[in-house]
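Asks: Take a look at the following structure, please.
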Amino acid sequence: MSDIRTNTPSRLDNPPIPVQAKLAAAWTSFMFLYIYVDYFHLYKPGAIDEIRSGVVFEFDISGTLLSIFTASVTIPALMVMLSMTLPVRVNRATNLVVALLYIPFSVFNAVGEAWEWASFYGLSIGIEVLLLSVILRYAWKFR
């Protein structure tokens with residue numbers, strides 16, 4: 001809204017938010033959710049015992065596995081910064097590719113889980129996929 005008499009913006013006006021900021025915000029939300037889902041997984045009975053025995057899911061804990069885990073968290077963290085700094089054409093392509101790759105990666109986290117945990121994984125992965133869909137939408141319309 002603007003003041004009709006002076007045609008100046010009112011305090012209720014919302015300035016437009018740049019697409020880069022929207023993308024960075026969505027990646028930030030995704031990253032926090034992604035990390036917290038892994039953290040809350042530690043509350044499952046037996047999860048800590050598995051880790052103590054050197055196993056995560058069915059994989060032996062190793063430097064390679066921990067490097068993969070680090071990369072899986074580092075990529076969304078980097079996307080926050082890259083979304084704000086890359087040139088438009090590269091920004092758009094990078095966001096589209098990374099978001100598309102993370103959808104199956106996020107869904108994979110529920111593979112092999114018991115039905116009793118379906119609500120936890122369904123909700124968390126559903127929100128992750130929703131955020132990735134928002135990123136895809138913003139990136140697709142980014143001109």
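Every number in this text was worked out from the coordinates using simple rules, so none of it is lab data. Quantities reported herein were computed from a predicted structural model and do not represent experimental measurements. Positions of Cβ are backbone-derived with ideal geometry, glycine not excepted, and every protein chain shown enters the neighbour counts.
Asks: Given R₀ = 22 Å, what would the calculated FRET efficiency be for residue 130 paired with residue 77, taking r from the Cβ atoms and rounding to 0.05?
Replies: Efficiency, from the Cβ-Cβ distance: 0.65.
Asks: Moving to a separate point now. For the chain, what is the calculated [θ] at 222 nm in deg cm²/dmol (nearest 500), taking -39500 (n - 2.57) for each run of four or more DSSP H residues and dividing by its residue count?
Replies: -23000 deg cm²/dmol
Asks: Grab the beta carbon distance between residue 52 and residue 21, set R0 = 41 Å, and tell me the FRET efficiency rounded to 0.05.
Replies: Computed FRET efficiency for residue 52 and residue 21 comes out at 0.45.
Asks: Here's another thing I want to ask about it. Give the Rg (one decimal place) followed by the Dmax (whole number) of segment 19-141, computed from C-alpha coordinates and expressed in Å.
Replies: According to the Cα coordinates of segment 19-141, Rg and Dmax are 15.6, 48 Å.
Asks: Using modelled amide H (1.01 Å from N, peptide plane; none on Pro or chain starts), what sits under 5 Å from the amide H of residue 55, excluding residues fewer than 5 places away?
Replies: 61
Asks: Would you mind pulling out the separation of the Cα centroids of segment 103-134 and segment 26-84, in Å?
Replies: 14
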